[in-house]
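Below you'll find the structure, written out as structure tokens, and then a few comments.
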Amino acid sequence: MKKQKHSREWLRWTAVVILLVVAVCLMFNQQIKEHLVNTYRPQITRQTIKRDSKKKATYNFSDVKDLDFQTVAKARAKKQPINIIGEITVPDINMTIPIANGVDNTTLALAAGTLRSDMKMGQGNYALAGHNMANGSKILFSPLYYHAKVGQMVYITDLKNVYEYKIYQRKYIAATDVQVVNNTHKKIITLITCDATGARRLMIRGNYVKKEPFSQAPKNVQKNFSEKYTTGRNS
């Protein structure tokens with residue numbers, strides 16, 4: 001009898017602990033999710049970029065869902081979940097994150113994704129998508145939504161060269177306006193993220209300025225690319 005009573009008490013306390021853990025996760029879902037994204041620190045070299053650039057990717061942006069805790073946790077659980085081909089930084093808004101090949105739920109959980117398979121840095125329309133986590137978030141493309149302005153500089157790199165763009169347009173578009181990612185003769189960068197409601201998209205566009213060797217890029221830009229990712233870094 002004592003053994004059965006002890007067993008029942010153990011099960012009851014186990015259930016209580018599980019419920020408490022679930023309750024804490026629900027209460028701090030956003031904070032945990034942002035922590036998982038913010039602490040993503042992939043090792044990027046010219047060699048890994050060259051390798052990952054050759055890997056297959058998917059580009060069906062319409063299949064991408066809102067970023068939830070399960071998607072982030074799943075992405076972080078994988079040893080090599082995404083194919084990183086570069087980095088993007090916007091110094092004025094404290095945003096530096098990896099660029100990965102393609103757009104799918106796992107890729108966009110941790111990086112900005114390329115929206116076409118034929119894109120090359122510094123050529124045509126270099127179009128990237130990223131999540132806006134809303135609520136004043138500082139991770140992924142959230143800083144674009146809250147702080148990006150016309151006149152700010154955007155830099156992308158493959159660690160060999162740095163490509164510089166200057167923002168000339170900030171515009172809200174319909175979620176169905178997919179033609180904005182099509183290639184163009186003009187050299188531009190197009191950055192796409194959701195608005196606060198998720199119903200529309202914010203489009204940031206910049207004109208190409210120049211290309212320069214990584215070692216000749218502005219020192220603050222080199223620092224952003226060389227240090228740990230600054231998603232979530234305070235101003």
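Computed from the coordinates by the stated procedures, all read-outs in this text should not be read as laboratory data. A quick note: this is a predicted structure, and the numbers were derived from the prediction, not measured. Glycine gets a Cβ as well: all are built from the backbone with ideal geometry, and neighbour counts include every protein chain shown.
Observations
- Peptides 171-177, 185-191 ordered by packing proxy, namely the average of other Cβ atoms within 10 Å per residue, highest first: 185-191, 171-177.
- When each of K54/K149; K138/K166; K149/K186; K160/K186; K166/K219; K120/K171 is checked by Cα-Cα distance, pairs over 27 Å: K54/K149
- Distance between modelled label sites at A196 and Q123, nm, 7 Å Cα→Cβ extension: 4.1
- In this rough spin-label picture, where each label sits 7 Å from Cα along the Cβ direction, the N183-V150 distance is 3.0 nm.
- Radius 9 Å from Cβ of N207, net charge of other residues (Lys, Arg +1; Asp, Glu -1): +4
- Projected onto its three principal axes, the C-alpha set of the stretch 94-235 covers 41, 37, 30 Å, listed from the longest axis down.
- Peptides 124-132, 201-209, 154-162 ranked from most to least packed by the mean count of surrounding Cβ atoms within 10 Å: 124-132, 154-162, 201-209.
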